[in-house]
Amino acid sequence: MENKETGYLMREYKVPVRRYCRTLDLKDDPELIKEYRKRHAEENFWPEILAGIKEVGILEMDIYLRGTRLMMILEAPADLDLEAAMARLATLPRQQEWEDYMSIFQVAAPGASSAEKWQPMERVFHLYD
């Protein structure tokens, strides 16, 4: 079983892939965080949002939570222009509605797009062969 102790399996792709790490803070309110988790449960997540993420070329996306800090890891083909993909994502059906729906939990400016909310993280260490 996958969990924070045993780790999470990653898919293998037949194309070179880039990993992007982004962060966003939630408001420090246990009830809001509980509801944030609920809205991201598979049975509650809006299918249009999933379809849009895939449509712009993102292969995989995970969001991790510790306290009030979120970390998003997304993987995309190495040749994908992520900035352009995120700009396109913001124009897709229901995307801004989803951003507004989730904004009550987030420490972010009202009306911000996903790209504006989720800030890039700097890699400070990398283990490789």
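Looking across the range 70-108, the residues that are polar (S, T, N, Q) and either touching a residue at least 40 places away in the same chain (Cβ under 8 Å) or in contact with a strand residue (DSSP E or B) (Cβ under 6 Å, 6 or more places away or on another chain) (or both) come down to Gln95, Gln106. Could you tell me whether Tyr13 is touching a residue at least 12 places away in the same chain (Cβ under 8 Å), farther than 20 Å from Trp118 by Cβ, among the aromatic types (Phe, Trp, Tyr) and surrounded by 11 or more Cβ atoms within 10 Å (Cβ to Cβ)? Spelling it out, Tyr13 is indeed touching a residue at least 12 places away in the same chain (Cβ under 8 Å), farther than 20 Å from Trp118 by Cβ, among the aromatic types (Phe, Trp, Tyr) and surrounded by 11 or more Cβ atoms within 10 Å (Cβ to Cβ). Scanning the range 22-74 for residues that are part of a loop (DSSP other than H, G, I, E, B) and among the acidic types (Asp, Glu) yields a total of 4. On the stretch given as the range 89-106, residues that are in contact with a Ser or Thr (Cβ under 8 Å, 6 or more places away or on another chain) and assigned to a loop (DSSP other than H, G, I, E, B) total 1. Among the residues of the range 19-58, those identified as of a type in the set (Lys, Arg) and touching a residue at least 40 places away in the same chain (Cβ under 8 Å) are Arg19, Arg22, Lys27, Arg39. Of the numbered criteria (1) within 29 Å of Phe125 (Cα to Cα); (2) of a type in the set (D, E, K, R); (3) at pLDDT 95 or above; (4) exposed (fewer than 12 other Cβ atoms within 10 Å of the Cβ), the one Glu31 fails is (1).
The values are calculated or read from the model by the stated rules, or taken from the named source; none is laboratory data. Values in this document were obtained by computation on a predicted structure and should not be read as measured data. Counting neighbours? That spans all protein chains shown, and the Cβs are built from the backbone with ideal geometry, glycine included.
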